[in-house]
Amino acid sequence: MIRSMTAFGNARVDLEQGTLALELRSVNSRFLDLYFRLPDELRHAETPLRELLTANLARGKVEVRASFTRASNTEVTQLDPEWLTRLADQLQAARKILPETTAPRLVELFNWPGQRTNDALDPQVWGAACVQAGQQALAQLQEGRTREGERLAGMMRDCADGVAAIVDQVETHLPQLLADHRDKLATKLRETIENAFPGGFTHISGAELSERLSQEANLFALRIDVAEELSRLRSHLEELRHLLTEGGGKAGKSGGKQGGSAGKRLDFLFQEMNREANTLGSKAGSMEVTRAAMDLKLLIEQMREQAQNLE
């Protein structure tokens, strides 16, 4: 399955103690890079989240953001009188140096660290919630990656059709190219002989002239023979269509890494196709073949750029 590396997924889990929100943002990267932005209270969930993402993603720079909101507590918290006394003493000591120091408000006292002992996050409960939210966000992320991958694959298929059309055009043009070269060579030989030896054709038989033309034409045909390059381009196109259809292999139960190497394989394939296009251009015997080689390189580069976005 072809997947893009650019996608977004989010999830929300409601608990008695509050609400957990988790986001996954993925962009292009040569490898799998995970970045976690978690509050200190949820830092313990980084390891299971990392294991979850590593098992299901092959490439991409993935940013993981999580936040939580505590549920409002309707029960009236009893303030500790001894703690209030110590706090008042500290306030008086502070006012001796900073006279304008204001006293804390009642709501601040209720939310003061040490007073909300019942609100401490249970690592086991909130850790499980993080994994649950991670699974939901990952499923959404994978769906987005798949949709974007299908669009990119469609673009590359269009380019592949263009490459196939150019290969057919060059292959069809080759016999005419050889015939045109033979005619040009015959004209050039006649002009050369007439200029060097006026009336020289009386001393040269038609068989000798035909043999010379045949030798030159054969040498030219060998020099511009691109059948091997065209054959390899066709073979590469078949492999390209296979990768775009199968995604480089069947994915496992989790839809993860096993089928996630399509991007790297496509990048290598386009390098090979570009090599054949360069050889075709170096052997070009006409402007038509030269233009065809340039058009091939342009289409291959367009496909290579799209492949950079694939997992």
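The values are calculated or read from the model by the stated rules, or taken from the named source; none is laboratory data. Since the structure is predicted, the reported quantities are computational estimates derived from the model, not experimental observations. FYI the Cβ positions are ideal-geometry reconstructions off the backbone, even for glycines, and counts take in every protein chain you see. With ligands, DNA and RNA removed, areas are computed over all heavy atoms of the protein, side chains included. Shrake-Rupley method; radii C 1.70, N 1.55, O 1.52, S 1.80 Å.
Applying a DSSP loop filter and a limit of 14 other Cβ atoms within 10 Å to the trypsin sites (Lys or Arg not before Pro) in the range 1-80 leaves ARG30.
Based on the alpha-carbon gyration tensor of the range 1-99 and its eigenvalue square roots a ≥ b ≥ c, which shape applies: rounded if a/c is under 1.5, prolate if not and a/b is larger than b/c, or oblate? Because a/c hits 1.5 or more and a/b exceeds b/c, the range 1-99 counts as prolate. Per-residue extension of 0.36 nm, minus the Cα-Cα distance of ASP80 and GLN169, leaves a gain of 23.1 nm for this segment.
Available extension along the chain between TYR35 and LEU298 is 91.1 nm, counting 0.36 nm per residue and deducting the alpha carbon span. Sparsely packed loop sites in the range 1-73 (the GluC sites (Glu not before Pro) outside DSSP H, G, I, E and B with at most 11 other Cβ atoms within 10 Å) comprise GLU16. Restricting the chymotrypsin sites (Phe, Trp or Tyr not before Pro) of the range 1-106 to loop positions (DSSP other than H, G, I, E, B) with no more than 15 neighbouring Cβ atoms within 10 Å leaves PHE31. Taking each residue as 0.36 nm, the span from ARG241 to THR69 lengthens on full extension beyond its C-alpha to C-alpha distance by 57.1 nm. Rolling a 1.4 angstrom probe over the range 1-114 with all protein chains present gives an accessible area of which 52% lies on carbon and sulfur atoms.
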